[in-house]
Amino acid sequence: MTEALTIAHHGPDVVPAMRDELLAVHVDARAELLGQPFYSAERFWERFESYVKDASFSMVTGRLNGLLAGYAFGSRLPAETGWWKGMQDIADPDITRETGGRTFALREILVRKTYQHRGYAHQLHDALLASRPEERATLLVRSDNPARELYLRWGWSLVGHLQPYPDSPRFESMVKALQSDG
């Protein structure tokens, strides 16, 4: 039986104090990719620091007996976002329309290798998205990432392809409708 995660919600203010823990999870979860510049700890943290500057940044952490087992984070896309720049293979151009409150970008879900394949990523995913006020969420996933199939099962739909950084892989871009209380 899988032990329940202790999930906590955080804003950007806690990130600096959690730097070492957050990086340790990244390094563990992405060990086989660390030789690629985009996935190096330095590049990851550079991106992370830019994300936490956004006031809409939100993160959930999952702990097991006090150890940070994983986390997920993201932020709202502004109306003038560069998120969709360079989008390819898009069937509906409205996908790239932003209002400043339409889309939450789920930027990362990371779980230590020891705790993968136990449903923890799904718990973090659901906890992060559960109370989002936006109408939809978006994420980017490598086509060879086993998580891709999970995202499809969790209700995400492929909408195109995107390479957000010169040193990044070409990702599949997905969207998912979020539940609204209204």
**Request:** Would you be able to say whether some residue in region 39-50 is within 19 Å of residue 123 (Cα to Cα) and either modelled with pLDDT of 95 or more or of a type in the set (Val, Ile, Thr) (or both)?
**Result:** no
**Request:** Return the only residue of 118, 97, 132 being surrounded by 14 or more Cβ atoms within 10 Å (Cβ to Cβ), among the basic types (Lys, Arg) and over 17 Å from the mean Cα position of the chain (by Cα).
**Result:** 118
**Asked** Where in region 100-182 are the strands (runs of 3 or more DSSP E), entirely inside, with at least 1 residues that are at pLDDT 95 or above and within 17 Å of residue 58 (Cβ to Cβ)?
**Response** 103-111, 136-141, 171-177
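Being in a helix (DSSP H, G or I) and touching an Asp or Glu at 6+ places or on another chain (Cβ under 7 Å) narrows it down to one of 38, 44, so name that one.
38 is the lone residue from the list that is in a helix (DSSP H, G or I) and touching an Asp or Glu at 6+ places or on another chain (Cβ under 7 Å).
Please determine whether any residue of region 85-94 is assigned to a strand (DSSP E or B), among the β-branched types (Val, Ile, Thr), in contact (Cβ under 8 Å) with a residue 24 or more places away in the chain and surrounded by 12 or more Cβ atoms within 10 Å (Cβ to Cβ).
no
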**Request:** Starting from region 27-49, keep only residues that are in contact (Cβ under 8 Å) with a residue 60 or more places away in the chain and under 15 Å from residue 171 (Cβ atoms), then list their pairs with residues that are exposed (fewer than 13 other Cβ atoms within 10 Å of the Cβ) and charged (D, E, K, R) whose Cβ atoms are within a distance under 6 Å, requiring at least 6 positions of separation or different chains.
**Result:** 38/167
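The values are calculated or read from the model by the stated rules, or taken from the named source; none is laboratory data. For clarity, every value in this text was computed on a predicted model and none was experimentally measured. All Cβ positions, glycine included, derive from the backbone under ideal geometry; neighbour counts span all protein chains shown.
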